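One structure is given here, and the rest of the page talks about it.
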Amino acid sequence: QVQVVESGGGLVQTGGSLRLSCAASGRFFELATMGWYRQGSGKQRELVATITSTMITDYPDSVKGRFTISRDNAKNTVYLQMDSLKPEDTAVYYCHLRWFGGDYWGKGTLVTVSS
């Protein structure tokens with residue numbers, strides 16, 4: 001029932017910026033905790049950022065100060081602004097939605113950072 005679709009990935013140079021978008025269907029988007037995860041080739045999926053229904057955000061140290069998660073409940077959309085990108089940020093980025101009815105994942109969007 002709930003669909004989560006990422007967009008905005010692409011190729012960017014080291015030090016550049018990129019903004020990812022995640023559009024979600026459903027009536028209860030504003031109640032959900034949204035998150036971004038990433039998975040590099042041959043690596044485990046890791047948390048990048050989360051934002052709760054009350055706008056509380058959290059980031060791991062690896063991206064803190066460089067990435068910003070935000071949401072627009074009127075558009076059922078969450079964003080990930082990525083600045084000062086590094087080659088180690090290269091990964092498939094996945095959008096995640098969690099609410100009382102379950103959790104849902106997008107299919108991912110590829111971000112490649114070149115030197």
Reported set for segment 81-95 where residues are aliphatic (A, V, I, L, M) and in a strand (DSSP E or B) is M82, A91, V92
Need pairs with beta-carbon distance below 9 Å; first residue over 14 Å from L20 (Cβ atoms) and among the aliphatic types (A, V, I, L, M) and within segment 47-74, second modelled with pLDDT of 95 or more and open to solvent by 60 Å² or more (accessible area, probe 1.4 Å); sequence gap 6+ or separate chains. L47/D58
How many residues does segment 64-78 hold that are within 22 Å of T90 (Cα to Cα) and either among the hydroxyl-bearing types (S, T, Y) or touching a helix residue (DSSP H, G or I) at 6+ places or on another chain (Cβ under 8 Å) (or both)? 2
I need every pair where a residue in segment 1-17 that is within 18 Å of S115 (Cβ to Cβ) has its Cβ under 8 Å from the Cβ of a residue that is acidic (D, E) and surrounded by fewer than 16 Cβ atoms within 10 Å (Cβ to Cβ), sequence separation at least 6 or different chains. S17/D83
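How many residues does segment 69-89 hold that are more than 13 Å from the chain's Cα centre (by Cα) and not aliphatic (A, V, I, L, M)?
Counting residues in segment 69-89 that are more than 13 Å from the chain's Cα centre (by Cα) and not aliphatic (A, V, I, L, M) gives 9.
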Note on segment 27-40: residues surrounded by fewer than 20 Cβ atoms within 10 Å (Cβ to Cβ), in contact (Cβ under 8 Å) with a residue 60 or more places away in the chain and not polar (S, T, N, Q) are F28, L31
For a quick check of your reading of the model, give me the residue pairs whose first member lies in segment 104-115 and is farther than 22 Å from S17 by Cα, whose second is part of a loop (DSSP other than H, G, I, E, B) and of a type in the set (A, V, I, L, M), with beta-carbon atoms closer than 7 Å and at least 6 apart or on different chains. Y104/V2
Filter segment 16-26 for residues that are in contact with an Asp or Glu (Cβ under 6 Å, 6 or more places away or on another chain) and open to solvent by 40 Å² or more (accessible area, probe 1.4 Å) and give the result. S17
Quick check on segment 51-59. Is at least one of its residues under 18 Å from V5 (Cα atoms), open to solvent by 20 Å² or more (accessible area, probe 1.4 Å) and in contact with a Lys or Arg (Cβ under 7 Å, 6 or more places away or on another chain)? no
Of the conditions (1) closer than 20 Å to Q3 by Cβ; (2) open to solvent by less than 50 Å² (accessible area, probe 1.4 Å); (3) not in a loop (DSSP other than H, G, I, E, B), the single one that R98 does not satisfy is (2)
The condition of being touching a strand residue (DSSP E or B) at 6+ places or on another chain (Cβ under 9 Å), part of a loop (DSSP other than H, G, I, E, B) and either crowded, with 20+ Cβ neighbours inside 10 Å or of a type in the set (K, R) (or both) holds, among V63, V48, V111, V78, only for V63
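The values are calculated or read from the model by the stated rules, or taken from the named source; none is laboratory data. Owing to the predicted nature of the structure, the values given are computational and were not obtained by experimental measurement. Neighbour counts run over all protein chains shown; Cβ positions are idealised from the backbone, glycine included. Just so you know, the surface numbers come from the protein's heavy atoms only, side chains and all, with ligands and any DNA or RNA stripped out. Shrake-Rupley method; radii C 1.70, N 1.55, O 1.52, S 1.80 Å.
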